[in-house]
Amino acid sequence: MAMSPQLLLHLFSLLCIGSNVTQSAKRNITNSGDLLSTLNTKPEGLPPMSENLSGSNPLGDIQASDYMVRLFLRISKSNGQLTNPDAFMGDHIHGFIDNDGSNDSNFTFNVSIPTNEILKSAKLLLYKYPSNHASYSRSSLLVTIHDIYSGREIASKLVAIQTVGWISFELPRGIILRWKRKPQTNAGVSVRIAGSPRLTINAIRFATRQKNATFQPLIVAYCSVTSSLFAALQRSTVKRVPRDRRSDQSSHKGKCGLQKLNINFKDLGWDKWVIAPKQYSASYCAGTCLDRYDNTQSNHALIQLMMHQETPGYANAPCCAPTQMAPISMLYYGGPGESTYVLKQMKDWVVTACGCK
């Protein structure tokens with residue numbers, strides 16, 4: 001017995017809710033341009049993140065932490081495309097800058113990790129300036145980190161006098177968790193250098209906020225997120241993009257496929273808090289799904305297409321929608337009461353494949 005159109009519709013019809021990109025989103029909101037030129041950098045030419053790292057901020061005149069910017073470029077290309085996701089060591093990387101900055105050896109940090117995140121590890125980052133002791137260039141000194149509240153040593157490392165760049169000290173998770181649980185016990189850390197007095201004077205000098213804000217001390221916390229909520233989006237306001245900034249692509253008569261869509265965060269009004277990338281290629285899906293002999297579409301889409309062609313009034317044609325998505329990495333400033341910097345994998349921000357659904 002033949003099924004009625006109503007029953008077929010009940011079984012096979014599919015509404016394209018949230019799958020197709022809206023008409024306004026099908027427009028390029030910025031000219032693609034040269035992203036590397038926009039960021040004024042060539043990531044492939046950067047030195048590796050090591051104790052021999054030196055130089056100015058790789059993103060040009062951005063006054064963000066040199067370490068966080070280089071960490072972003074170590075994990076991804078300048079357009080946010082992930083190249084080394086394992087370096088995340090979690091979903092979120094928080095950067096807390098030194099609060100005081102008035103002392104060369106004592107530093108305090110407001111460590112505020114959201115309740116929906118689990119701390120995996122933490123590091124203290126200090127930027128070492130070149131030494132004035134050329135005659136002792138092959139010598140090394142022991143640098144120890146002490147918790148001021150308890151007075152106990154929590155980290156140490158032998159540092160070569162000739163080293164220039166970021167020095168990292170692995171911090172005990174218990175210290176960070178205690179600071180988070182009992183903020184009154186967070187008196188900061190002190191940095192001590194062991195050695196003869198005449199050698200330690202200016203032999204190892206670390207940057208402070210007064211000397212250079214981009215190289216000021218930093219605590220980096222690697223966390224796993226238990227919620228996918230991106231709070232920064234809630235405090236953002238999307239700006240209306242001027243009409244002349246868009247290219248009108250109102251019709252896509254071709255076969256379902258991937259289309260170019262370049263997102264510039266300045267057009268969205270996010271450039272005040274997003275540090276990197278400045279823009280990225282999001283792409284979107286567009287085109288028709290009217291070929292019943294297209295073997296790339298699902299069985300459901302084929303049945304829906306047949307129903308649409310036989311009885312157009314009872315079922316829409318299948319939708320051209322994303323079938324595969326990819327993440328980007330984003331470095332941005334935290335909000336009030338949060339960490340200074342956040343480096344995060346933004347999941348499902350790039351369409352990489354399309355199909356009929």
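The values are calculated or read from the model by the stated rules, or taken from the named source; none is laboratory data. In this text, all values refer to a predicted model and were calculated from it rather than measured experimentally. Please note: Cβ atoms are built from the backbone with ideal geometry, for glycine as well, and neighbour counts cover all protein chains shown. Accessible surface areas use protein heavy atoms only, side chains included; no ligands, DNA or RNA. Shrake-Rupley method; radii C 1.70, N 1.55, O 1.52, S 1.80 Å.
Results, tabulated for the structure shown:
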{"quantity": "Only listed residue being at pLDDT below 85 and open to solvent by 20 Å² or more (accessible area, probe 1.4 Å), chosen from 278, 253, 260", "calculated": "253"}
{"quantity": "Test: residue 347 is at pLDDT below 90 and under 20 Å from residue 260 (Cα atoms)", "calculated": "yes"}
{"quantity": "Cβ pairs under 6 Å, 6+ apart, first in the range 171-190 and open to solvent by less than 40 Å² (accessible area, probe 1.4 Å), second part of a helix (DSSP H, G or I)", "calculated": "185/178; 186/179"}
{"quantity": "Verdict on residue 121 being surrounded by fewer than 16 Cβ atoms within 10 Å (Cβ to Cβ) and at pLDDT 90 or above", "calculated": "yes"}
{"quantity": "Subset tally (residues that are open to solvent by less than 30 Å² (accessible area, probe 1.4 Å) and either free of Cβ contacts under 8 Å to residues at least 24 places away in the same chain or on the phi > 0 side of the Ramachandran plot (or both)) for the range 263-275", "calculated": "2"}
{"quantity": "Selection within the range 75-105 - at pLDDT 90 or above and open to solvent by 60 Å² or more (accessible area, probe 1.4 Å)", "calculated": "77, 81"}
{"quantity": "Residue ID - modelled with the lowest pLDDT, chosen from residues in the range 153-172 that are closer than 25 Å to residue 99 by Cβ and among the hydrophobic types (A, V, I, L, M, F, W, C)", "calculated": "159"}
{"quantity": "Among residues of the range 173-232, those that are part of a helix (DSSP H, G or I), modelled with pLDDT under 85 and either within 27 Å of the chain's Cα centre (by Cα) or of a type outside the set (S, T, N, Q) (or both), counted", "calculated": "6"}
{"quantity": "Test: residue in the range 309-321 that is modelled with pLDDT of 90 or more, under 37 Å from the mean Cα position of the chain (by Cα), open to solvent by 30 Å² or more (accessible area, probe 1.4 Å) and not basic (Lys, Arg)", "calculated": "no"}
{"quantity": "Among (1) of a type in the set (S, T, N, Q); (2) loosely packed, with under 15 Cβ neighbours inside 10 Å; (3) at pLDDT 90 or above; (4) in contact with a Ser or Thr (Cβ under 7 Å, 6 or more places away or on another chain), the one test that residue 150 misses", "calculated": "(4)"}
